[in-house]
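S.K.: What follows is a single structure, and I will ask about it in a moment.
The values are calculated or read from the model by the stated rules, or taken from the named source; none is laboratory data. Predicted model only: the values in this text are computed from it and were never measured. FYI the Cβ positions are ideal-geometry reconstructions off the backbone, even for glycines, and counts take in every protein chain you see.
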Amino acid sequence: MKKSLIALLVATLPAAAFADVTIYGKIKGGVEYVDDGATKTTNIDDLGSRIGFKGKEDLGNGLKAIWQVETGFGIDGQTRTGSSSGTFANRNSFVGLQSDLGTLRLGNVSNFLDSDMGIVDSWEYNNNALGLGVFTRDGTRLKNSVRYDLPSIAGFSAALQYGTKESKGGLTNDRETSIVGLGYENSGFFGKYAYIHESKAVSKVASPIANVTVKDSANDKHRLEVGYNANNLLVAFGYQQAKGGVDVVGADWVGYVSKGLPAVATPISVEKVKTREYALTAAYTIGAFTPKFTYAHGDKVEVGGEKLNDSGYNQYILGVDYAISKRTTFGAQYGQIDVKGGVNNANKDLKAFGLNMIHAF
């Protein structure tokens, strides 16, 4: 009944209502076998499916009104949160203006790391062992934000973005966010840089280490990606560092290592947490096949100037994609995050094997 009503409504709309509107998206599904050292599970997972609508209107004199609404959802029937929840406009969604002077957008807008970077993470996955979800954790959408992109000149690009706090009062971990992004591309060579500044949070973020209190602090994050992507070859290197509250480590990284971190004997209060990470990806397309490899490394986390034992990670991913058509790709990959160490080797390697199918429309 609902489908019939929707079809009737669409049929009665004037053709002009669909002028300059593009419908796009990706359906991503896969099977993942995960071994975390304690349990072994086989999962049927959605890997980031989404649908979007975008359009523009010519306002004259080179000025255009632009808009986009993008929604992420899961095809596996599981209840999800965040950008995979199915909530309308939970991904890159905005209204804005575009001209020879650049592009201005307002809304839930992708930050520079999400829209222009992340080429070092060329994988499709749900479990972080099969992709660089830990390394690329800051590549996301920024709610309540305004973003201005300068026009590209001779391969150079730049973007500025500001996001307000979602919650204005009370205890909250929300932070005002400012982002600067710079890029250059020429003949397949590329270089991208992003700086993120997040203001102090009203409430303190809990530390994963017993007897350690991390004082409220602003966060400063830097990421650099350089490489070559042309002539069937991809080589990409990424480096990032962050300094601030304990949340700069990221929930997944903390979750992997915190089980083995010993409690500090004497309670201490520290000012800063620091992280440094590196990632390298190489891929080469031979006909319809693209074999690829990634190595990533996180240095030991520094808390108050002291490096925590067994708090770093090493990651390896090996796989191949097969493009059965221009829109449909099959993939297979094996990944491992080395999280051994801690008290009595409490942590184990996280291992996973995945098969996936991606269809773009």
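S.K.: Identify the residue in the stretch 62-89 that is without any contact (Cβ under 8 Å) to a residue 24 or more places away in the chain and among the polar types (S, T, N, Q) and, among all such residues, is nearest to Val109 (Cα to Cα).
M.R.: My answer is Thr71.
Results for (1) of a type in the set (Phe, Trp, Tyr); (2) in contact with a helix residue (DSSP H, G or I) (Cβ under 7 Å, 6 or more places away or on another chain); (3) closer than 20 Å to Val248 by Cβ, shown as yes or no for each residue.
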site: Phe94; (1), (2), (3): yes, no, no
site: Leu104; (1), (2), (3): no, no, no
site: Gly107; (1), (2), (3): no, no, no
site: Met117; (1), (2), (3): no, no, yes
site: Ala129; (1), (2), (3): no, no, no
site: Gly139; (1), (2), (3): no, yes, yes
site: Lys143; (1), (2), (3): no, no, yes
site: Ala154; (1), (2), (3): no, no, no
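Yes/no matrix, rows are residues, columns are (1) in a strand (DSSP E or B); (2) within 22 Å of the chain's Cα centre (by Cα); (3) closer than 17 Å to Asp121 by Cα; (4) not aromatic (Phe, Trp, Tyr):
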| position | (1), (2), (3), (4) |
| --- | --- |
| Phe293 | yes, yes, yes, no |
| Gln315 | yes, yes, yes, yes |
| Leu318 | yes, yes, yes, yes |
| Ser325 | no, no, no, yes |
| Ala332 | yes, yes, yes, yes |
| Ile337 | yes, yes, yes, yes |
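S.K.: Can you tell me which residue among Val214, Val249, Val235 is modelled with pLDDT under 90 and touching a Gly at 6+ places or on another chain (Cβ under 7 Å)?
M.R.: Values: Val249 fails: touching a Gly at 6+ places or on another chain (Cβ under 7 Å); Val235 fails: modelled with pLDDT under 90.
Of Val214, Val249, Val235, the one residue that is modelled with pLDDT under 90 and touching a Gly at 6+ places or on another chain (Cβ under 7 Å) is Val214.
S.K.: Let me ask something additional. Any chance the stretch 115-136 includes a residue that's farther than 18 Å from Ile196 by Cα, free of Cβ contacts under 8 Å to residues at least 40 places away in the same chain and of a type outside the set (Asp, Glu)?
M.R.: There is no residue in the stretch 115-136 that is farther than 18 Å from Ile196 by Cα, free of Cβ contacts under 8 Å to residues at least 40 places away in the same chain and of a type outside the set (Asp, Glu).
One line per residue, one yes/no per condition, for (1) surrounded by fewer than 19 Cβ atoms within 10 Å (Cβ to Cβ); (2) modelled with pLDDT of 95 or more; (3) touching a helix residue (DSSP H, G or I) at 6+ places or on another chain (Cβ under 7 Å):
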site	(1), (2), (3)
Pro151	yes, yes, no
Ala159	no, yes, yes
Glu176	yes, no, no
Phe190	no, yes, no
Ser199	yes, no, no
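S.K.: Any idea which of Leu47, Leu9, Leu59, Leu13 is at pLDDT 95 or above and more than 19 Å from the chain's Cα centre (by Cα)? Lay out the reasoning, then the answer.
M.R.: Values: Leu47 fails: more than 19 Å from the chain's Cα centre (by Cα); Leu9 fails: at pLDDT 95 or above; Leu13 fails: at pLDDT 95 or above.
Leu59 is the lone residue from the list that is at pLDDT 95 or above and more than 19 Å from the chain's Cα centre (by Cα).
S.K.: For Ser157, state whether it is in a strand (DSSP E or B) and in contact with a Pro (Cβ under 9 Å, 6 or more places away or on another chain).
M.R.: Numbers: in a strand (DSSP E or B): yes; in contact with a Pro (Cβ under 9 Å, 6 or more places away or on another chain): yes.
Taking the combined requirement at face value, the residue satisfies it.
S.K.: Restricting attention to the stretch 257-270, does a residue exist that is at pLDDT below 95, farther than 21 Å from Ser217 by Cβ and assigned to a helix (DSSP H, G or I)?
M.R.: yes
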